[in-house]
Amino acid sequence: MLGDVDMLMRRDSLEDVEAVSRLRAYVAEKGLKPGARLPAERELTDQLGMTRNTLRKALESLEREGAIWRHVGKGTFISQQADNRELSGALLSGNLLNEVSQQITPFRMMRARFTIEPAIAKEAAINASGGALSHMMAAIERMRAASSWQAYEIQDDSFHRAIAEASDNLLLLALFDQLNLVRRAVAWGNVKRQSTKPPADHSSFLEHESIAEAICARDPRAAYEAMSNHLHSVSKRLFGGG
């Protein structure tokens with residue numbers, strides 16, 4: 001019984017951490033500057049694919065950090081504090097996003113992914129903690145349960161970022177976040193969907209599981225190859241080539 005309780009507590013903790021990361025990524029992607037107002041909770045829950053309770057926990061966490069502030073009756077705003085380094089870095093990324101995404105082609109974006117993400121997966125196989133592995137596997141479960149492509153893409157983001165977090169290297173994580181912002185801007189507009197949600201035989205499901213299995217097995221070479229294979233599959237599916 002206690003084991004079940006511990007497992008639920010760890011799962012809740014991982015979901016809370018993921019929600020905060022997703023909210024930060026949203027701020028970066030939208031390029032929200034200090035003083036900007038966040039959308040209403042109902043709109044944020046739809047866009048971020050999380051429950052209102054989970055969103056409120058994430059907002060409370062950022063408020064405790066001083067990253068946001070709330071005014072009753074007016075809304076939630078990005079803080080003016082200049083010493084919040086993590087959020088400031090994310091905001092700079094958001095400001096540069098349009099310029100970079102306008103200059104890079106989908107092909108170049110994928111070449112960057114081929115260069116960086118397999119190496120990150122290799123490092124994750126060496127350094128991943130138990131918590132990082134749990135986070136990664138939870139994202140896989142939620143991807144398979146996704147009821148829409150938007151929900152799937154959010155969990156796909158979470159899975160790939162969990163791998164970057166598992167590398168236990170802040171510089172690699174920062175590089176991944178920069179790359180992921182450009183990926184969203186460049187690639188998502190080119191995706192043509194033939195269904196309302198991923199089919200049960202969507203190739204990425206097994207590809208993600210192969211990556212996770214290699215990382216869990218602490219096999220750096222297999223993790224590198226599994227990520228490379230996945231990216232070649234994505235490239236072929238989205239852009240018609242590798």
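Quick notes
- Cross-link pairs LYS122/LYS197; LYS30/LYS74; LYS30/LYS197 - those with Cα-Cα distance over 22 Å: LYS122/LYS197; LYS30/LYS197
- With a Förster radius of 25 Å applied to the beta-carbon distance between PHE107 and ASP201, the computed FRET efficiency rounds to 0.40.
- Likely footprinting exposure, ASP46, ASP157, ASP219, ASP201, fewest C-beta neighbours within 10 Å first: ASP201, ASP46, ASP219, ASP157
- For the pair SER129 and VAL72, label points projected 7 Å from Cα toward Cβ lie 3.7 nm apart.
- Between LYS236 and ALA217, the distance separating the two model label sites (each 7 Å from Cα on the Cα→Cβ line) works out to 2.1 nm.
- Net charge in the neighbourhood of ALA214 (other residues with Cβ under 14 Å of its Cβ; Lys, Arg +1, Asp, Glu -1) is -4.
- Net length available on complete extension from GLU209 to ASP168 is 12.7 nm, with 0.36 nm assigned per residue and the Cα-Cα distance removed.
- Residues in the range 223-235 carry Karplus couplings, in order, of 5, 4, 5, 5, 5, 4, 4, 4, 5, 5, 5, 4, 4 Hz; the curve used is 6.51 cos²θ - 1.76 cosθ + 1.60 with θ = phi - 60°, and Gly or Pro positions show x.
- Which of HIS232, HIS160 has the fewest Cβ neighbours within 10 Å, and the rest in rising order: HIS232, HIS160
Every number in this text was worked out from the coordinates using simple rules, so none of it is lab data. Only a predicted model underlies this, so the values are computations on that prediction, with no experimental measurement involved. Glycine gets a Cβ as well: all are built from the backbone with ideal geometry, and neighbour counts include every protein chain shown.
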